[in-house]
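Chemist: Sharing a structure here in structure tokens format.
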Amino acid sequence: MLLAEGVTVVITDLEQDSLEEAAAKLDAKEGTLFAFSADVTSIPSISSLKDQVIAAVGDIDILVQCSGITGAQGFFHEIDDEGWTKTIEVDLMGPVRLISAFLPSLRKGGWGRIVLTASEDGVQPYDDEIPYCSAKAGVLALMKGLSRTYAPEGVLVNAVSPAFIHTPMTDAMMEKRAEEEGSSVDEAIESFLTEKRPYMALKRRGEPEEVAAVMTFLCSQQASFINGANYRVDSGAVASI
């Protein structure tokens with residue numbers, strides 16, 4: 001969607017092979033799409049990513065942070081320190097490190113956008129994934145704090161909070177649930193929606209494109225008066241106003 005709007009895009013993930021496969025599927029015009037691997041739990045890796053990005057496209061104007069894992073699951077008394085640490089490392093410290101690396105670049109132009117990926121879990125915690133919920137609540141606090149500091153410089157900071165989107169992460173969750181229930185994946189999805197996400201009125205998983213549309217809007221000039229906001233893309237999953 002960003003490519004369609006004329007944005008030069010850099011995509012990043014852990015594995016270079018999967019990145020190149022994604023880049024090939026996007027079929028972008030030459031010079032408008034770059035793919036560099038990085039690990040958000042590693043400061044040297046993010047520093048290398050920054051150097052590659054600046055060498056390829058110069059200082060950036062838009063940063064969309066999407067990396068995340070489900071992390072340690074289970075009730076609080078079942079999760080050890082390592083489970084908490086790994087979840088926080090990716091889901092909260094990942095955004096912190098990425099923003100720290102690219103903020104100097106974003107501040108140079110007088111116009112910028114940072115969009116963070118939070119979650120419905122950040123405002124409506126669930127008892128069997130508290131580390132993830134805590135990390136995403138932290139992402140929302142990070143977003144709000146950054147928005148107050150850098151908006152006067154023209155860098156607007158917002159978050160998007162999806163719920164149960166059709167991604168490899170939720171695929172893995174549903175495959176595990178199907179195995180535990182002795183059911184098909186479709187049946188596992190149906191039971192999950194009924195038992196765990198009763199307020200998702202559309203009764204289905206969201207699609208990545210439905211999240212991307214909101215992110216693309218927040219990256220645009222049309223969102224010029226939106227700052228410090230959390231946009232829920234959740235089919236009504238959060239029960240409160």
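Chemist: Only one of these conditions is not met by Gly110: (1) modelled with pLDDT under 95; (2) crowded, with 19+ Cβ neighbours inside 10 Å; (3) under 30 Å from Ala151 (Cβ atoms). Which number is it?
Modeler: Exception for Gly110: condition (2).
Chemist: Assuming Pro208 fulfils every condition listed in (1) free of Cβ contacts under 8 Å to residues at least 40 places away in the same chain; (2) within 30 Å of Ile60 (Cβ to Cβ) apart from one, which condition is it?
Modeler: With respect to (1) free of Cβ contacts under 8 Å to residues at least 40 places away in the same chain; (2) within 30 Å of Ile60 (Cβ to Cβ), Pro208 is out only on (1).
Every residue, every condition in (1) acidic (Asp, Glu); (2) assigned to a helix (DSSP H, G or I); (3) touching a strand residue (DSSP E or B) at 6+ places or on another chain (Cβ under 6 Å), yes or no:
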site	(1), (2), (3)
Leu103	no, yes, no
Ala135	no, yes, no
Ser147	no, yes, yes
Tyr150	no, yes, no
Val157	no, no, yes
Val160	no, no, yes
Met169	no, yes, no
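Chemist: Also: With the checklist (1) within 24 Å of Gln73 (Cβ to Cβ); (2) surrounded by 15 or more Cβ atoms within 10 Å (Cβ to Cβ) in hand, flag the one item Val214 doesn't pass.
Modeler: Among (1) within 24 Å of Gln73 (Cβ to Cβ); (2) surrounded by 15 or more Cβ atoms within 10 Å (Cβ to Cβ), the lone unmet condition for Val214 is (1).
Chemist: Right, another one. In this structure, is Ala141 free of Cβ contacts under 8 Å to residues at least 60 places away in the same chain and over 20 Å from Ser67 (Cβ atoms)? Please lay out each step first, then the result.
Modeler: Details: free of Cβ contacts under 8 Å to residues at least 60 places away in the same chain: yes; over 20 Å from Ser67 (Cβ atoms): no.
Spelling it out, it is not the case that Ala141 is free of Cβ contacts under 8 Å to residues at least 60 places away in the same chain and over 20 Å from Ser67 (Cβ atoms).
Chemist: Any idea which of (1) part of a helix (DSSP H, G or I); (2) more than 16 Å from Val64 (Cα to Cα); (3) not acidic (Asp, Glu) is the one Val238 doesn't satisfy?
Modeler: (1)
Yes or no, residue by residue, for (1) surrounded by 14 or more Cβ atoms within 10 Å (Cβ to Cβ); (2) free of Cβ contacts under 8 Å to residues at least 24 places away in the same chain; (3) aliphatic (A, V, I, L, M):
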site: Tyr150; (1), (2), (3): yes, no, no
site: Glu179; (1), (2), (3): no, yes, no
site: Leu193; (1), (2), (3): yes, no, yes
site: Cys219; (1), (2), (3): yes, no, no
site: Asn230; (1), (2), (3): yes, no, no
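Chemist: Would you be able to tell me the number of residues in the range 1-28 that are of a type in the set (A, V, I, L, M, F, W, C), part of a loop (DSSP other than H, G, I, E, B) and more than 30 Å from Thr85 (Cα to Cα)? Steps first, answer last, please.
Modeler: Filtering the range 1-28 for residues of a type in the set (A, V, I, L, M, F, W, C) gives 1-4, 7, 9-11, 14, 19, 22-24, 26, 28.
From what's left, part of a loop (DSSP other than H, G, I, E, B): 1-4, 7, 14, 28.
Add one more test, that the residue is more than 30 Å from Thr85 (Cα to Cα), and what stays is 1-4, 7, 28.
Number of matching residues: 6.
Chemist: If Thr85 satisfies every condition in (1) in a helix (DSSP H, G or I); (2) at pLDDT below 95; (3) β-branched (Val, Ile, Thr) but one, which is the exception?
Modeler: Of the numbered conditions (1) in a helix (DSSP H, G or I); (2) at pLDDT below 95; (3) β-branched (Val, Ile, Thr), the odd one out for Thr85 is (2).
Chemist: Ok, one more. Would you please name the residue that is surrounded by the fewest Cβ atoms within 10 Å (Cβ to Cβ), looking only at residues in the range 29-52 that are among the hydroxyl-bearing types (Ser, Thr, Tyr) and part of a helix (DSSP H, G or I)?
Modeler: First, the residues of the range 29-52 that are among the hydroxyl-bearing types (Ser, Thr, Tyr): 32, 37, 41-42, 45, 47-48.
From what is left, the residues that are part of a helix (DSSP H, G or I) are 45, 47-48.
Numbers: Ser45: 16, Ser47: 14, Ser48: 16.
Ranking the qualifying residues of the range 29-52, first place goes to Ser47.
The values are calculated or read from the model by the stated rules, or taken from the named source; none is laboratory data. Predicted, not measured: the structure shown is a model, and the values here were computed from it. Don't worry about glycine lacking a Cβ; one is built from the backbone with ideal geometry, like all the others, and counts go over all protein chains shown.
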